[in-house]
1. Using the eigenvalues of the Cα gyration tensor, what equivalent ellipsoid semi-axes result for segment 221-278 when each is taken as the square root of five times the eigenvalue, whole Å, largest first?
2. For Cα extents along the principal axes in Å, one of (i) 70, 44, 35; (ii) 67, 41, 39; (iii) 64, 38, 36 was computed from the structure I shared and the rest are decoys. Which label?
3. Which order do the peptides 37-43, 204-210 take when ranked by the mean count of other beta-carbon atoms within 10 Å per residue, highest first?
4. Which value does Rg/Rh take for segment 139-181 over its C-alpha atoms, Rh per Kirkwood?
5. Dividing the alpha-carbon radius of gyration of segment 257-301 by 2.2 N^0.38 Å (N being the number of residues), what value is obtained?
6. Residue separation times 0.36 nm, minus the C-alpha to C-alpha distance between D54 and Q362: what's the value?
7. In what sequence, largest accessible area first, do R232, R151, R325 appear using a 1.4 Å probe?
8. Compare S319, S330 by solvent-accessible area with a 1.4 Å probe and give them largest first, with all protein chains kept in place.
Amino acid sequence: MNILPFDLFCRVVDNFGDAGVCWRLARRLAALGQPVRLWIDRPEVLARLLPALDVQAGEQVLDGVRIAPWHRAEQAMPPRGGVVVEAFACDLPPAYEAAMAGRDCLWINLEYLSAESWVEGCHGLPSPQANGVSKFFFFPGFTPSTGGLLREPDLLARHADAQAQDRGVRLQALTGLPTAPPADALCVLLFCYPDAPLAGLCAALADLERPVWMLVPGDRPAAAPRDRDGLRIRSIPFVPQSRFDELLWCCDLNFIRGEDSLVRALWAGVPLVWQIYRQAEDIHLDKLEAWLGRARWPAPAAELTRAWNRSDDDAVARSLAAALREPVWSEWRARSLAWRDELAHLADLGQDLLDFCLRMHQTR
C-alpha cells in the first residue's frame, strides 16, 4: 500500500463546520492507512464534536489521527515526501511554509463545498508558488468532475441496518429522552444559526394535523417558542460527530446548517432544509441557488429553503405548509432518496484526495 503522510491545517471560521469537515477528512485518511496530523487553532470547538479530546493536552492521538494545537506547527517540520492540506485557504504558519520547499511536499488547497459549475473547471488545477512547492486546488462537489463528498464505505449499509430497528428506541438511546415520539409523529431536527426564522417554522408545524416533535441539539435558540397545539419541542444533548448520522436517520425532516451537516443530511436520504453560512453582499445566495439547481426539490421545498435563508417568517410558514402537503411531500421524499443514491456513485472525497496526491507524486 502506498503511504503518504498528511498534515492537515484547520482554522475555525464557521462555528463547527470547519472543524467538522477537517476532523472527518482526517479520520477518513487515517482509515485509509495514512499517517495524519491535524493542526487546529481552536481545539475547544473540535472537543464539542469529539468529547474524548483533551483541549489541555499538547497533542493527542484519537482514531489514528494526531491532533495538535496550531501554534505548535511553527516549530514542526512538514512531512518529507508527504502532503500538506490547507483547509479552506487558511494561511499556513510562515516558518512551516518556508520549510516545505526542502521537504518534497505536495500542497493542497482544500476548498469549500460548492455546487457552482465553475468549480469543475478549477478542480485539480495547479497554483504556481514562489517557493517552487507544487500546489493544487481541490474542490469537493456534486459531480464526477469534482472531488466528491466524504463518505465511509459502510455508511449506507449502517443506515439500512438502523432503519430496520424501532425509531423510538433508537432515539431514546441516543438522546436520553424519557419518552419516545408517537409512531405517527413527524420528527424534525433543528440545527440552525441564531437568525433562523423560527416563528414561521413553528407556526406551520403547529398547524399540522399530525403530532410533530422538534429536536433541538444543545441549547435551545432564544427565539424558539414553547410547545403549542400538536408541536412538541425537545432539547437534546449535543451528540458527538460520530453519532450525528444516527440522529439524522431518526428524523423525517432535517433543518441543518454549514457544510459537514449538509453532507451528512444528504446521506440520510430524507428531506432537508439547508441554512447556508452568510457571506458579504449576499454571495451565499448565489451558492444556494446553484445547490438548489442540483437538488431539484419540488417548487415549495425550494421556496422554503430560500425563505429560510432570507429569514422570512411568513414565507417559511406558507412554503413549509405547502411542502408538507401531498403529493409534494412524497415527491420531496422520493427526490431526496434518489439524489442520495446518485451522489453515492461519485467518488468518496477522502479516497479521491489520496488517489490524486499519489498520482501527483508519481508524475513529478
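1. 21, 14, 13
2. Recomputing Cα extents along the principal axes in Å here picks out (ii).
3. My ranking of the peptides, most packed first, is 37-43, 204-210.
4. The Rg/Rh ratio comes out at 1.23.
5. Computed over Cα atoms of segment 257-301, the ratio equals 1.17.
6. Difference between extended and current length: 107.1 nm.
7. In descending accessible area the options line up as R325, R232, R151.
8. S330, S319
The values are calculated or read from the model by the stated rules, or taken from the named source; none is laboratory data. Note that this is a predicted model, so its numbers are computed, not measured. Note that each Cβ is placed from the backbone with ideal geometry, even for glycine, and that neighbours are counted across all protein chains shown. We work out accessible area using only protein heavy atoms, side chains counted, and drop any ligands, DNA or RNA first. Shrake-Rupley method; radii C 1.70, N 1.55, O 1.52, S 1.80 Å.
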